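To start, the structure itself, in structure tokens.
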Amino acid sequence: MASKLLTKSKYVNGLQCLKYLWMLFHEPESVGDPDASTLHTFEQGHLVGELAKKVFPEGVNIPPDDFMGNIRRTKELLKQRKTVFEAGITTGKIYCRLDILKPVNDDEWDIIEVKSSTKIKDVDIEDVAFQKHCCRQAGLEIRNCFLMHIDNSYVRQGEIDPKQLFAIEDITERVADAVRSVPDKVDMMLEVIAAKDCPDIAIGQQCENPYECLVEGCKDFLPESNVLELYRGGQKSFELLNDGILAICEIPDGFKLSSIQQIQQTCVSSGQPYADPAQLKSFLDSLQYPLYFFDFETFSTAVPPFDGTHPYQNIPFQFSLHVVKSAASPPEHFSFLADGTADPRPGLLAALKKWLGKSGSIIVYNQSFEKRVLEDLGEAFPEYKSWVKGIVGRFIDLLQPFRSFWYYHPAQKGSASLKAVMPALTGKGYDGLGISNGENASLEFFRVTYSDVPEEERRRVRQDLEKYCGRDTEGMIWIIRAIGELT
């Protein structure tokens with residue numbers, strides 16, 4: 001029955017895109033499944049929700065799996081004026097389930113929405129406004145609305161303290177403003193759902209905001225090297241689309257592009273890469289042997305996993321290090337991959353200090369990330385703090401030549417990431433690897449380390465992790481060699 005109603009989640013989908021909403025009801029097969037990262041986010045949200053309930057020990061939980069049973073039990077508990085978790089409210093053609101509904105005064109209620117994020121977002125206000133509208137339609141008087149979210153200043157020491165983990169913010173006024181337009185939005189969405197034809201919605205920034213849209217095929221009309229691949233195109237890309245300009249090579253001469261975007265357009269039009277040999281040579285000249293090609297892999301969770309960690313802190317569990325002692329020396333490879341469920345940071349730091357020499361350039365890709373992780377490690381383990389400071393001072397960021405467009409190949413499709421640059425410049429990439437990007441590396445490590453999986457599968461994933469992280473640092477060597485050939 002719930003699938004026929006305008007639920008809270010579908011209301012949010014409709015705010016994002018009415019085509020998305022229509023598809024969910026009429027062509028659900030055209031809506032893709034959430035990816036592994038999204039599923040992990042859902043799991044984190046469920047864990048956070050369970051911890052939030054502990055802040056209200058008087059609350060009664062209603063299992064949400066039985067739709068009609070949830071509705072009936074909600075009505076019973078509301079009559080008893082109980083604090084209710086997962087209360088199901090349905091009226092007419094709308095339905096919502098509330099994280100926490102708390103009785104106040106004689107006949108009023110407070111809505112407490114729980115989020116695993118660390119701050120209030122606009123979509124959260126719309127979410128709670130829909131809940132308030134549903135409650136009002138069902139005859140409940142709502143006093144105040146609150147958002148209960150993760151406090152990222154919380155530092156774990158021992159068992160998780162839910163009262164310290166969460167921040168509770170009063171969003172009553174913002175919800176009051178938003179709820180005024182909810183009835184009209186609901187009526188409009190119900191009309192869309194009832195319509196035989198799908199609304200014609202052009203692609204735009206709503207395709208990725210506030211969430212990645214799962215409707216498939218909306219961008220199939222775009223050609224190769226289309227304007228959405230324009231480097232930092234943003235609103236400019238959609239202006240071009242609205243004017244009927246689909247390909248980068250079709251952008252008219254009078255259209256204002258940055259100098260970097262102009263390089264990209266020239267490369268796309270000619271099919272040839274661009275290089276600034278002088279800048280590239282200057283970059284190479286800044287390198288001092290021995291060269292250390294270095295890369296971290298990390299995971300993060302909403303609930304801090306170890307003492308001394310805070311929510312969403314990047315916890316390094318793996319590194320790859322290729323060392324080139326001189327221009328004529330073959331690279332040596334060193335690596336670390338945490339084993340077991342204990343805090344991986346002490347072992348990782350000890351291994352890194354052992355293999356990182358006292359001089360020479362440390363080459364990373366996007367140094368802000370590695371720098372932040374290392375500085376967090378220095379704070380957590382003060383005996384390494386001065387060492388970390390020296391290490392960070394030797395960093396050379398291999399991203400710089402590509403972010404600055406000292407080199408650009410049209411195959412990069414507007415991206416300066418390692419995953420785009422390596423195959424474009426060297427002809428080699430991540431094909432054939434069981435893990436091919438950092439996000440999957442984090443999720444797979446977390447899955448096989450902190451959940452029950454067969455030993456054979458665990459071994460296979462760990463081998464894939466070693467190959468993937470090693471490819472990152474080996475690829476940086478290939479890139480340096482390719483730059484040398486260009487100069």
Discussion item. Between the range 104-181 and the range 437-487, how far is it from one alpha carbon centroid to the other, in angstrom?
Written reply: 40 Å
Discussion item. Taking the beta-carbon count within 10 Å as an exposure proxy, list L6, L287, L51 from fewest neighbours to most.
Written reply: L287, L51, L6
Worksheet, complete the sentence: Checked against the positive end of the charge dipole of the chain (+1 on Cβ of Lys and Arg, -1 on Cβ of Asp and Glu, about the Cα centre), the farthest of V392, I89, V421 is V392
Fill in: Dipole axis of the chain (+1 Lys, Arg; -1 Asp, Glu on Cβ), positive-most option in Y468, I100, C249
Y468
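Counting other beta carbons within 10 Å of each residue's own, what order do I100, I245 fall into, fewest first? Display every interim value, and only then the final one.
Working: I100 22, I245 17.
Ascending number of Cβ neighbours within 10 Å: I245, I100.
The range 129-217: percent of C-alpha pairs farther apart than 15 Å?
The answer is 75 percent, as a whole percent.
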Worksheet item: So how do K185, K428, K219 line up by other beta-carbon neighbours within 10 Å, fewest first?
Response: K219, K428, K185
Response to the item:
Which of K419/K467; K75/K132; K54/K115; K53/K163; K353/K385 exceed 20 Å between C-alpha atoms? The answer is none
Response to the item:
Here, trypsin sites (Lys or Arg not before Pro) of the range 306-408 satisfying both criteria (DSSP loop; at most 12 other Cβ within 10 Å) are K358
Item to complete: Counting residues in the range 1-156 as N, plug N into 2.2 N^0.38 Å and put the Cα Rg over that result.
Response: 1.07
Item to complete: Please report, in cubic angstrom per residue, the volume enclosed by the convex hull of the alpha-carbon atoms of the chain.
Response: 179 Å³
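Are there any helices in the chain, counted as whole DSSP H runs, that stretch 20 Å or more along their axis by Cα and score at least -0.5 on average by Kyte-Doolittle, and if so which?
Details: long enough: 36-53 (26 Å, -0.10); 122-137 (23 Å, -0.63); 455-486 (46 Å, -0.95).
Qualifying helices, which must be both long enough and hydrophobic enough, are 36-53.
Every number here is computed from the coordinates shown, using simple stated rules; none is lab data. Owing to the predicted nature of the structure, the values given are computational and were not obtained by experimental measurement. In this analysis, Cβ positions are derived from the backbone assuming ideal geometry, glycine residues included, and neighbour counts consider all displayed protein chains.
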